[in-house]
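The values are calculated or read from the model by the stated rules, or taken from the named source; none is laboratory data. Since the structure is predicted, the reported quantities are computational estimates derived from the model, not experimental observations. Cβ: placed from backbone, ideal geometry, glycine included. Neighbour counts: every protein chain shown.
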């Protein structure tokens with residue numbers, strides 16, 4: 001249980017065997033291998049990743065509002081589960097659980113700006129790509145409504161100092177020409193976060 005990758009491999013293999021037997025099918029069940037990203041234990045990092053995860057059902061078109069998806073942490077917080085509410089309060093660094101709910105909802109819905117329902121649910125992917133190609137920046141809350149490779153392929157996510165610390169600890173895994181580990185998140189406006197992989201192509205998918 002100490003190795004998350006090994007645990008996920010075992011879990012997916014066993015589930016695939018059970019599913020195939022139950023449905024009289026064969027072959028692979030999962031499209032891609034398990035991915036994980038090392039995330040710095042800071043409020044800024046955790047709330048960014050939490051919002052990205054809670055918006056997954058919105059991006060998938062399952063719900064229009066993340067509170068309506070019963071399997072996400074935000075829905076549990078709205079429903080009144082104390083552990084979920086306390087988690088939001090700590091991540092958002094506010095005094096009360098009630099203020100945590102309202103502040104987090106602002107993050108999920110474009111920082112509380114008044115927008116149409118269509119623009120709340122998603123942004124035009126091509127428009128975003130053009131902004132990024134021109135070295136433009138987008139508000140983090142808007143970027144979170146897209147599928148962002150940094151959260152699956154970035155390997156390490158955190159402050160500049162944190163990512164460089166991880167880079168130095170695992171220096172032998174990188175080429176000799178590389179001097180530093182931290183790379184900016186292209187397209188994010190004032191996120192203050194960096195990653196260890198420089199994703200130059202298809203950042204938003």
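Within segment 135-189, the set of residues being part of a loop (DSSP other than H, G, I, E, B) and within 23 Å of residue 109 (Cα to Cα) comprises 136, 137, 144, 145, 146, 147, 149, 185, 186, 187. A Cβ distance below 9 Å, combined with a sequence gap of six or more or placement on separate chains, defines the contacts here; from segment 130-143, residues that are within 10 Å of residue 186 (Cα to Cα) reach residues that are part of a helix (DSSP H, G or I) in the pairs 136/130; 137/131; 138/128; 138/131; 138/132.
The set of residues in segment 50-66 that are surrounded by fewer than 19 Cβ atoms within 10 Å (Cβ to Cβ) and part of a helix (DSSP H, G or I) comprises 53, 56, 59. Taken together, 97, 103, 93, 83 contain a single residue that is touching a helix residue (DSSP H, G or I) at 6+ places or on another chain (Cβ under 7 Å) and loosely packed, with under 13 Cβ neighbours inside 10 Å, which is 93. Name the residue that is modelled with the lowest pLDDT, counting only residues in segment 27-47 that are surrounded by 10 or more Cβ atoms within 10 Å (Cβ to Cβ) and assigned to a loop (DSSP other than H, G, I, E, B). Across segment 27-47, the extreme among qualifying residues is 34. Inspection of segment 186-194 finds no residue satisfying the criterion of being more than 17 Å from the chain's Cα centre (by Cα), touching a residue at least 24 places away in the same chain (Cβ under 8 Å), crowded, with 20+ Cβ neighbours inside 10 Å and in the same structural domain as residue 143 (by TED's automatic domain parsing). Residue 146 meets each of the listed conditions (1) surrounded by fewer than 15 Cβ atoms within 10 Å (Cβ to Cβ); (2) under 30 Å from residue 63 (Cα atoms); (3) in the same structural domain as residue 52 (by TED's automatic domain parsing) apart from (1). Being at pLDDT 85 or above and farther than 15 Å from residue 55 by Cα is a property that residue 158 has.
Checked against the criterion of being surrounded by fewer than 21 Cβ atoms within 10 Å (Cβ to Cβ), in contact with a helix residue (DSSP H, G or I) (Cβ under 8 Å, 6 or more places away or on another chain) and touching a residue at least 40 places away in the same chain (Cβ under 8 Å), segment 162-171 has no qualifying residue.
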